[in-house]
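The values are calculated or read from the model by the stated rules, or taken from the named source; none is laboratory data. Model, not experiment: these values are computed from the prediction. We place every Cβ from the backbone using ideal geometry, glycine too, and count neighbours over all the protein chains shown. Areas reflect the complete protein model, heavy atoms only, side chains present, ligands, DNA and RNA absent. Shrake-Rupley method; radii C 1.70, N 1.55, O 1.52, S 1.80 Å.
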Amino acid sequence: MVQLKIKGINGKFHVYMTSSYFEEELNELSTRLKIFTSQQEKMFSAFFHLENAAQKQIQTLFSFCREHEILIEGIDLGNCRNSKTLDIREETLLNGQSYILNEDTLLLGNIEPQAYVCCKGSLYVLGCVEGNIDLYYEDNILCASALCANVRICDSKFQNMTFFSPVKVYYEEVQLKTKSYKEEKLWVSLSQ
């Protein structure tokens, strides 16, 4: 299964590739570039994110980019996804700011409506989540005390989601799924 992702972040292209499907992803990138170059007049340039890439794969990428006239703006060989650490932050993510979280994160605070948050790991929030949340990988999850935000995981589309009770958002078959931690039955029994 090819998991090539091309994202536009702050006016720049970012290409995400995995080592397990590297050749297939290069073929898919070649196909997508034909569409892009027919619509654009300038040279395609991107920042590449390669997970667990071997030296031979990196050399293949350089050859591919030279052959297809792609400008490499940078390469991230980070292996943050396999990290078992949890970043604990006690803060509010503010309006109009962009944040990049490189590992699983527990946020003790809120994410304000105009904040843009990109995550390479899962995001757990003890507070209200608003704004735009972009989780990069299909095994990432978003858990929040309350949610009124645009959420995207992996290659799904951004979805506007609103939940007033604790919720888990996860990726399954190119769609976002949710699981409420507090069932309606509990609310009904407490109100009687």
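Observations on the model:
- Looking only at residues in segment 130-174 that are buried (at least 18 other Cβ atoms within 10 Å of the Cβ) and charged (D, E, K, R), the one that is farthest from the chain's Cα centre (by Cα) is E130.
- If you go through segment 150-179 and pick out every residue that is in contact (Cβ under 8 Å) with a residue 40 or more places away in the chain and of a type in the set (S, T, N, Q), you end up with 0.
- Residues in segment 8-33 that are touching a residue at least 60 places away in the same chain (Cβ under 8 Å) and assigned to a strand (DSSP E or B): I9, K12, Y16.
- Residue that is nearest to D76 (Cα to Cα) [pool: residues in segment 118-152 that are at pLDDT below 95 and small (G, A, S)]: G121
- Listed by position, the strands (runs of 3 or more DSSP E) enclosed by segment 81-123 that each have at least 1 residues that are open to solvent by less than 70 Å² (accessible area, probe 1.4 Å), of a type in the set (A, V, I, L, M, F, W, C) and under 19 Å from V15 (Cα atoms) are 98-101, 116-119.
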